[in-house]
Each structure stands twice: as C-alpha cells, then as structure tokens.
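The values are calculated or read from the model by the stated rules, or taken from the named source; none is laboratory data. Because the structure is predicted, anything quoted here is derived from the model rather than measured. Glycine gets a Cβ as well: all are built from the backbone with ideal geometry, and neighbour counts include every protein chain shown.
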2 protein chains.
Amino acid sequence: MSEARGKGFKELIRVDTALQRFFQTLGEPSRPTEQVPTLDALGRILASDVKSSIDIPPFDRAAMDGYAVTAEDTFGSSSTNPIILDIAGRADIGRETKARGGRGKAVTIVTGAPIPPDTDAVAMLEYTRRPKESTVEVMKPVAPGDNVSKKGEDVQKDSTILRKGTLLRPQDIGILAGIGCTTVKVVRPPIVGVLSTGDELIQIGDNLEPGKIHDINRPVALSLIREIGCTPMDLGICRDDRQAITSALKDGLSKTDVLIVSAGTSVGERDIVPSTVNSLGSPGVIVHGVAIRPAVPTGLAVVNGKPIVLLPGFPVAAMVAFDTFVKPLLNRILGSEATPVPRVKARMLRRAPSHGGLRTFVRVKVSREGEEYVAEPLRTSGAGIISSMVKADGLLIIPEEKEGVEAGEVVEITLLRPIK
Amino acid sequence: MSEARGKGFKELIRVDTALQRFFQTLGEPSRPTEQVPTLDALGRILASDVKSSIDIPPFDRAAMDGYAVTAEDTFGSSSTNPIILDIAGRADIGRETKARGGRGKAVTIVTGAPIPPDTDAVAMLEYTRRPKESTVEVMKPVAPGDNVSKKGEDVQKDSTILRKGTLLRPQDIGILAGIGCTTVKVVRPPIVGVLSTGDELIQIGDNLEPGKIHDINRPVALSLIREIGCTPMDLGICRDDRQAITSALKDGLSKTDVLIVSAGTSVGERDIVPSTVNSLGSPGVIVHGVAIRPAVPTGLAVVNGKPIVLLPGFPVAAMVAFDTFVKPLLNRILGSEATPVPRVKARMLRRAPSHGGLRTFVRVKVSREGEEYVAEPLRTSGAGIISSMVKADGLLIIPEEKEGVEAGEVVEITLLRPIK
C-alpha cells in the first residue's frame, strides 16, 4: 500500500479482520440485566425468552356479532328457507356467559363475548332475521368453529412468544401486555463514555478565540450512542498532553463500560492517544490503521477487558468509524442484531472513485427520476467537512474489492433522510 | 361494495380521500415551539431555519502535518532536486500563529493549526527532509491552497445550515455544535392521548377474570406515539357506556392535542364511540369506514378543531390504522416528513389475496434465497391475532387497484425486523 494511501501507517488492516480481532480479544460480553415495567420497555433488548402463562384469547369468543348456535342446526338454511331457533338468552362481553345453547337454540352474542356452553359457531347478524323477540331466523349455514376465535388461537399457554435478544417494538409491547406481563428482564445498556482530545477544541457556548474550533465529534458520538439505545456519558475535552490524557482515560475507564476517544489517533508526533492507551494496560491497541476511507487512523484497543475505540479527529471520518466499529460493538454488547437500515437502489449519474483495498464511504445526493432513484457523489468530500454529512441524502459504500463505481452503475445507497 | 366487504358500512372511503378530507377539515396546524439545548435536541424537529454566525473553519488551517510555505517557492522541486527553505518558527493548534512566512521561508505546522501569514500552502511532511534544525528540504511542488482548509470552506458565515422541519440527526447536532449554537428552536411535540374502550378490557397486572382480556391496543398506540417523537398520554380504559365515554372524551380533549380512541368504532349496536364523538361538537366524525384491510371500522373526527382518530378494536387493524392515519397526522402536526422506512424487493413464494378497491396489508415472512429475498404471507392472518404482527418479518401493502399478488411476483416489503 502506498505511503499516501496508508497515511503513515505501515499496514492497513481490513475492516472485517479488525472487527474479528477486536471481538476475539474482548471475548463474550458479560451482559448485566435489569427488570423494567413492560410499558417502559420500548426499544430495550430482551435478556431472556418470554413464555406466556395464559392463552390468548383466554376463552372461545365470538369474532362477529350475531347468534351462537349449534352449527348442525343451520345446515340447509337459506334466505328462502331459514331455520328458526329459539332465543335462549344473551352473551355479553366482559363477563362469563350464563346462557346455555343446545339443539334448536340460539344465544344473542356480540364480538368478543365468551361463546356459551353447548354452542359451536356464530351465525353472523347480517344473515339472520328477528321476526319476534323469542326467535331468530338463520338464513345461511355455518360450520362448527365459524366466527369463533378459539381459546389460545393467538397465543398458546406455555409457548415462547418472544426470544432473548429481541429489540422490543410496539407490537412486542402489545403482546407482552396481552399476556399480562407486568415487567420484563432486559439488558442493562452499557455506559459509553466519549472523550475528545485537542488543544484547539472548545465547548459549545465557549468564546471562539483565535485558533480554536468547537468540538463536533463528541456531540455527534453522544447522539449516536443515544440512538442505539446505550447510555452516553460526556467525558469532556482533554488537551493534547500525555498526563492529562492518561488521567482522563483512567477516569473514563473507571466510570464506563465502553470508551470512545476522538482525535490524536494517527501516527504524527502529536498523536499521543494510542501510546497513552498502551501505557494503561494490556493488550492495549490491537488494531491501528484500518483499510477504510475516510477513517484510516482508527484504533481499536482493549484495556483490562474494556473496549476502547479511537476515532479519527475529522468529523466525517469519525462518523464512518463509529458506524463501522462502534455500532457493531454496541449491538454485540446488547446482544441484539442491528435494526434494518433504509436502502434504495440508485443509478449513479457520475463516477465515484475509490481505492482498491479500502472500503470507501461516498456521500451522495439522491433524487428520483421517474420510477428510479439516481445518485451522484457530493462535490465537497473532505473528511473534515461536517456539512457534507448534513447535505448528503445517502451513503454509498464501495467494497474493498472494487475500484470505483462507474456512471450508469446501479448501486445500493443507505438513506440518511427521506427523498422527495 | 358487497355487504360482507363493507362490514355493515354503506360506503367505504378510499385512504387518500379520507386523509385529504381529514387534513382539509383540520386546516393548517398551529405549531407551538420551544427552545431546547442543542445537545438535547436529537430527534426533535427544527421550528425555524438555522443560520451560522461564524465560518467553519473560522480561519485557514493546515489539513496535513508539514510546512507552511509560499507555493511558488516549491515549483520545480523533486527528491533529487529539493528546494531548501529556512525554518521561520512553528504553528501550533489551538492558538494564533505568531510565526510569519515569506519567500524562502517555511513554518513547521501540524494539522488543524492556523496557516501563518505570508504562506499559502502546506508541504506534506512525507515529501520533506530535515537535514538540520534551521532548514527543510521540500521534494515535491505544491500549488497555492494545497493541504489548506480555507476559512468557511465547510460552513460559510450567514449561510443557512439547516432548514425548518428538519428532524435532527447526530450529524445535525454536530454542525449545530460546530457553529457554537447552544440552543435551538424546535417544535413542541403534541400530546397524544389514548383511550381504550370495552367492558372486557383489563389493565396489565389486573386479575384475569372470566370473560376479560388484557388491553393490547393502548400499550401499542402509546409506544407508537413515543417512537414518532410525540408525547403519549395514557387515558386508561373506559367501559362501553355512553356517559362514561362522553366524560372520558371530554376529559381527553381538554388535556391533549390529539385523541386516539380504540374499539367500539364499527356499526354494531354496541359501537357507541362514533355517535358519542358526534355529540361533543361539530363537525364530529367526518370519515367512518375506510377501504383498507384490516381496518375498515376506522373513524376520523374533528371536534372543536382537535383531531380524533377512532381505531378498530382488533390489534392488527389498530396498528394498520395507526400507520395509515395517525402517523401522517402526527408528522403533519410536527411539520416534518416521515423518516425513510427500510424496504426490500422480495419474490412472493405464494399468492397473497386482496380485494380490489381495498388497500390491503399482508403480514409476511421474509428470508434470503441466495442473492434475493423471498416472502410469503403468514398463515394466521386474523385482524385480532397480535402474535401475527410479532411473527411477521414485514408488511406487503397491496394497492387498491390490484387484486392480489401472484406467486413469483416481485414486490416491495416494508421490513419490521432484520432479516438473517
């Protein structure tokens, strides 16, 4: 790999290899759990399978308004030749049905009411007539079980309704509520600390003195952590000083489960983060310099069993590194799969260059042309240009094996916002 | 439309017509705003355009480690014929650069440091040699502006960086932090109340007496509201009694911006919600019975300018109605576009039936077969079967104009979970 492409790194490690080495060194994550009320569990990850202790529905119930009957009584009925049945009471919702059916009898019933004893089907109201109070005329045959929701047809008692590792969506909260489950055991999300380094960085709200810039990576990383469902911890800004970084890292490691450090991660004289991390414990930095663009100066480290990710200082590179390394790490710790990401196929309007051997992230504009989507690389593409991530409609990821994408090629784009 | 298909409704209204009528009756939403700290604004909707009061970067700065030079000095240089320049000091990050350049001079510089006066390019460290302390040999020419991030090249002072209506993503928080914006004006999310009706319903945790079932729709709707970024308000369960529903609705209208009522919305004798809503004020129910399956007994109402959505009692129908009517309503109130939804193209393994004229939601299993996705309808498909929404990998929406989807057809599936 040429010097320029390696940015001073002797060797760039493939993304897959880097992740594999990182996860292997970390070993299986211990996954602390906690019990939370079901109604607060949206977006949390189940820590164990959930079985139902009841049937849903808990009893046979009417799926239609009409009359609970013995199906056999209705055979051969039609509108010209209705079967006449005696009304034997009514079944209401929300209470046990006292009325009983039996041959020649019908029980008035509404949707959701328990099916009365000695009936096996519901004749729909639409296919009945009620010439007088005491009888009903059924004009269409029903088979046993017609218009009846059988006990347990939705959820069977003792069946597993949700698996460990499920990210709880609204419908999952619904089924948990349906079985009367008041609390669930979920994964306690890791605390993820974010430390920015750099003598030039100031906090949002601080005075912009000459030579200073506002820290961007920390707010972005804290937001990304929150989006994934982990607990962000702001560890502030640290100046480029070995002692200051050492104590900030030690403090961070003591308070968090995962540590993210931004900037100072390359191979220049001022890039003291990797060697400082190494001084804290073994194995230290296990991956430094990744075949990914932009984000070559990414580092992956493990100190005292805790993962540390070193993000490049340039904001676009930091986001790419977060997406590629931190997201899979956090999903692994949570024990969940990544949620599906919105993607579209789009035809490239211009060539997007990439270096073979490097996984390349290209920020693109996406628009519709008739039925299809078209995409083109943003003209401003520096790794330091945060506005390019704001303006981009999507990301094109060019795999290591490919050298650029040609105009006219149809590619898959990860959408960053809705396309008009 | 046949009686069975209309479920007792005289006429079913198309989804598009229903939404149009609903939004027209409601008029333009008033959109209250609030000021929140930028770092807490993730997922909120911007209430006004944001302009930058500064340039990013705020000064010309080095994009590489190396030497700030006068580009013209380096013309014609090569490794065999380097140009020798005098070291005129160094430029550090985080402070104003005191050193000055000029013809024949070079200033040591690191990435991010302000470009010194009287220099116009940075010669990369990799293409220099430093035989002694006082001079540097440049081995490759640079053009003016090379390896320099120009002041304002990312964000120009006074330019609009984010538009009103933007849902703030991590990169948006990043650019807001970058311009030093401490608070932003965002839309105050509407309070959305959810009331369940039904004599059979009990709360999660209540004793499951004969004839009772746990309320599912309310927990699901409250979760969906939270997911969209609105403020859910639990209005509890109300029994099927006109007086009780009247007072619950009045109470709900006084406390919320949007009211959602579950069940009792069809045309049976026990479906007293629509007429009760009508008794509260005009225009009342403006859409009742929609050409959508499952969710025909959906109602849309406006009372004293406030929107009320009547959801069918069956949980799957309620979710479909929420997705089709409540989601667009809430996005309209928030003034934001719906976020993109993950979709894939899949080949149908079996036929999925639908009724022409009704927009039909089919729950499907999705899997991979080599490079492609394949889908098939779930076998259990009743509108009351909440477990079908839990088991489904995706939703196939068959438009009104189509009668079913054939085996072998390639369709678009909205994913409900990641596919292995």
Residue tally, condition under 30 Å from residue A:330 (Cβ atoms) and either at the interface with chain B (Cβ under 9 Å from one of its Cβ atoms) or without any contact (Cβ under 8 Å) to a residue 12 or more places away in the chain (or both), over region A:137-170:
7
Can you give me the number of residues within region B:171-192 that are crowded, with 20+ Cβ neighbours inside 10 Å and either within 11 Å of chain A (Cβ to nearest Cβ) or closer than 11 Å to residue B:39 by Cα (or both)?
12
In contact (Cβ under 8 Å) with a residue 24 or more places away in the chain, under 26 Å from residue B:205 (Cα atoms), of a type outside the set (Lys, Arg) and buried (at least 16 other Cβ atoms within 10 Å of the Cβ), is that true of residue A:106?
no
Picking from A:152, A:112, which residue would you name as being under 17 Å from residue A:59 (Cβ atoms) and modelled with pLDDT under 95?
A:112
Residues being polar (S, T, N, Q), without any contact (Cβ under 8 Å) to a residue 24 or more places away in the chain and either outside any loop (DSSP other than H, G, I, E, B) or under 29 Å from residue A:401 (Cα atoms) (or both): count how many of those fall in region A:276-302.
1
Qualifying position, being surrounded by 23 or more Cβ atoms within 10 Å (Cβ to Cβ), out of contact with any helix residue (DSSP H, G or I) (no Cβ under 6 Å at 6 or more places or on another chain), touching a residue at least 40 places away in the same chain (Cβ under 8 Å) and over 15 Å from residue A:321 (Cβ atoms), among A:249, A:253:
A:249
Report, by residue number, each residue of region A:63-86 that is assigned to a loop (DSSP other than H, G, I, E, B) and within 48 Å of the chain's Cα centre (by Cα).
A:63, A:64, A:65
Per-region count, region B:366-396, residues closer than 25 Å to residue A:178 by Cα and free of Cβ contacts under 8 Å to residues at least 40 places away in the same chain
11
Could you list all residues from region B:36-54 that are facing chain A (nearest Cβ under 10 Å), under 20 Å from residue B:154 (Cβ atoms) and of a type outside the set (A, V, I, L, M, F, W, C)?
B:38, B:52, B:53
Just need a number here: residues in region B:186-207 that are of a type in the set (A, V, I, L, M) and in contact with a Gly (Cβ under 7 Å, 6 or more places away or on another chain).
3
Of the conditions (1) surrounded by 24 or more Cβ atoms within 10 Å (Cβ to Cβ); (2) assigned to a helix (DSSP H, G or I); (3) touching a strand residue (DSSP E or B) at 6+ places or on another chain (Cβ under 6 Å), residue A:260 satisfies every one except a single condition; which number is it?
(2)
Among the residues of region B:14-62, write down those that are farther than 30 Å from residue B:92 by Cα, of a type in the set (A, V, I, L, M, F, W, C), assigned to a loop (DSSP other than H, G, I, E, B) and in contact with a strand residue (DSSP E or B) (Cβ under 6 Å, 6 or more places away or on another chain).
B:41, B:47
Tell me yes or no: at least one residue of region A:71-86 is within 14 Å of chain B (Cβ to nearest Cβ) and surrounded by 14 or more Cβ atoms within 10 Å (Cβ to Cβ).
no
I'd like to know if region A:228-236 contains one or more residues that are assigned to a helix (DSSP H, G or I) and not assigned by TED's automatic domain parsing to the domain that holds residue A:168.
yes
Which of the residues spanning region B:382-403 are in contact with a Lys or Arg (Cβ under 7 Å, 6 or more places away or on another chain), in a loop (DSSP other than H, G, I, E, B) and surrounded by 15 or more Cβ atoms within 10 Å (Cβ to Cβ)?
B:392, B:393, B:400
Lone qualifier among B:96, B:126, B:133 - being surrounded by fewer than 20 Cβ atoms within 10 Å (Cβ to Cβ), under 11 Å from residue B:67 (Cα atoms) and of a type outside the set (Val, Ile, Thr):
B:126
Scan region A:297-320 residue by residue and report those that are away from chain B (no Cβ under 12 Å), crowded, with 24+ Cβ neighbours inside 10 Å and touching a Gly at 6+ places or on another chain (Cβ under 6 Å).
A:301, A:310
For region B:344-351, indicate whether the set of residues that are in contact with a Ser or Thr (Cβ under 8 Å, 6 or more places away or on another chain), buried (at least 24 other Cβ atoms within 10 Å of the Cβ) and not hydroxyl-bearing (Ser, Thr, Tyr) is non-empty.
no
Those residues of region B:321-361 which are in a strand (DSSP E or B), under 19 Å from residue B:297 (Cβ atoms) and away from chain A (no Cβ under 14 Å) amount to B:359, B:360
Quick check on residue B:201: is it under 26 Å from residue B:330 (Cα atoms), modelled with pLDDT of 95 or more, touching a strand residue (DSSP E or B) at 6+ places or on another chain (Cβ under 8 Å) and facing chain A (nearest Cβ under 10 Å)?
no
Among strands (runs of 3 or more DSSP E) entirely inside region A:116-208, those with 1 or more residues being within 30 Å of residue B:112 (Cα to Cα) are A:191-197
Mind telling me which of the residues A:251, A:241 ends up being of a type in the set (Asp, Glu) and within 13 Å of another protein chain (Cβ to nearest Cβ)?
A:241
Which is closer than 26 Å to residue B:126 by Cα, modelled with pLDDT of 95 or more and within 29 Å of the chain's Cα centre (by Cα), of A:375, A:301, A:291, A:346?
A:291
Any idea which of (1) out of contact with any strand residue (DSSP E or B) (no Cβ under 6 Å at 6 or more places or on another chain); (2) within 20 Å of residue B:292 (Cβ to Cβ); (3) among the acidic types (Asp, Glu) is the one residue B:369 doesn't satisfy?
(2)
Right, residue A:234: within 12 Å of chain B (Cβ to nearest Cβ), in contact (Cβ under 8 Å) with a residue 12 or more places away in the chain and surrounded by 20 or more Cβ atoms within 10 Å (Cβ to Cβ) or not?
no
Which one of the conditions (1) within 44 Å of the chain's Cα centre (by Cα); (2) within 11 Å of chain A (Cβ to nearest Cβ); (3) surrounded by fewer than 19 Cβ atoms within 10 Å (Cβ to Cβ) does residue B:91 fail to meet, given that it meets all the rest?
(3)
Can we say residue B:309 is modelled with pLDDT of 95 or more, in the same structural domain as residue B:25 (by TED's automatic domain parsing) and not in a loop (DSSP other than H, G, I, E, B)?
yes
